[in-house]
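K.L.:
Let me begin by handing over the structure; questions about it come next.
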């Protein structure tokens, strides 16, 4: 015996509007717009170009004011204090160029989610990339604090000792770089990316691991510097590859 009208439980629920019309709740359909991923990939190129340009100018123009490694802390600190405005501008440019990586994380998440529907690779890469965009640029802000303290009259030897904040910050950032590059390489392998992109990414992993030990052994800094240069060039190549390919490779 049936009481009341039959109800089709397979149909989406319907709601009655105030004017007597009804509507149903349905899952929205999304279309893929290629423009945001392309813009995000462009940030990868901008990041690499800006970082390389800023570091080149700092090495050639700004850092010589602090003297060489053999100079005393007093001489280094005095030289930096004399060129305090140049250091402030360079630190700001360094921080701004480093945070450009945040814009690149959009296409990283998009591509890796295509390679791994669980979102595991994308989550690891975005988390590690966010740390990368903050840790090394943060060294510039900390150096600004040292500049302000020296300008206020503290012992310039302390300012000379703060030369280590940049390489230490870079060495620390090499640790999340391992996860960032590793997750991307796994995603590239799953989507059939060019072999040269995979091999070069894998080659950066031991350089990052060894370079991070600069926090303990200062003599390893050259390895860290080479690995950082290779990493920035690899990001540029990866961004260019994603810009040129319309597929998910």
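K.L.:
Quick one: which of 158, 112 is over 19 Å from the mean Cα position of the chain (by Cα) and either farther than 18 Å from residue 191 by Cα or crowded, with 19+ Cβ neighbours inside 10 Å (or both)?
P.N.:
158
K.L.:
Which of the residues spanning the range 115-151 are more than 19 Å from the chain's Cα centre (by Cα) and over 30 Å from residue 66 (Cβ atoms)?
P.N.:
Within the range 115-151, 115, 116, 117, 118 meet the criteria.
K.L.:
Additional query: If you go through the range 115-125 one residue at a time, how many are buried (at least 17 other Cβ atoms within 10 Å of the Cβ) and not in a loop (DSSP other than H, G, I, E, B)?
P.N.:
5
K.L.:
Just give me the residues in the range 175-184 being closer than 18 Å to residue 118 by Cα and crowded, with 22+ Cβ neighbours inside 10 Å, in sequence order.
P.N.:
If the condition is that a residue be closer than 18 Å to residue 118 by Cα and crowded, with 22+ Cβ neighbours inside 10 Å, then 180, 183, 184 are the ones that fit.
K.L.:
Does the range 147-154 contain any residue that is free of Cβ contacts under 8 Å to residues at least 12 places away in the same chain, out of contact with any strand residue (DSSP E or B) (no Cβ under 8 Å at 6 or more places or on another chain) and at positive phi?
P.N.:
yes
K.L.:
Filter the range 66-109 for residues that are under 30 Å from residue 41 (Cβ atoms) and more than 23 Å from the chain's Cα centre (by Cα) and give the result.
P.N.:
Within the range 66-109, no residue meets the criteria.
K.L.:
Can I ask one more? Can you tell me how many residues in the range 58-78 are without any contact (Cβ under 8 Å) to a residue 40 or more places away in the chain and crowded, with 16+ Cβ neighbours inside 10 Å?
P.N.:
Total satisfying the criteria: 5.
K.L.:
Now for a separate question. Among the residues that make up the range 191-198, is at least one of them in a helix (DSSP H, G or I) and over 19 Å from residue 129 (Cβ atoms)?
P.N.:
Yes, there is a match, as at least one residue in the range 191-198 is in a helix (DSSP H, G or I) and over 19 Å from residue 129 (Cβ atoms).
K.L.:
Given 203, 213, 237, which one is modelled with pLDDT of 95 or more and surrounded by fewer than 14 Cβ atoms within 10 Å (Cβ to Cβ)?
P.N.:
Checking each option against the conditions leaves just 203.
K.L.:
Does at least one position in the range 95-103 carry a residue that is in a loop (DSSP other than H, G, I, E, B), surrounded by 10 or more Cβ atoms within 10 Å (Cβ to Cβ) and modelled with pLDDT of 90 or more?
P.N.:
There is at least one residue in the range 95-103 that is in a loop (DSSP other than H, G, I, E, B), surrounded by 10 or more Cβ atoms within 10 Å (Cβ to Cβ) and modelled with pLDDT of 90 or more.
The values are calculated or read from the model by the stated rules, or taken from the named source; none is laboratory data. Values in this document were obtained by computation on a predicted structure and should not be read as measured data. Don't worry about glycine lacking a Cβ; one is built from the backbone with ideal geometry, like all the others, and counts go over all protein chains shown.
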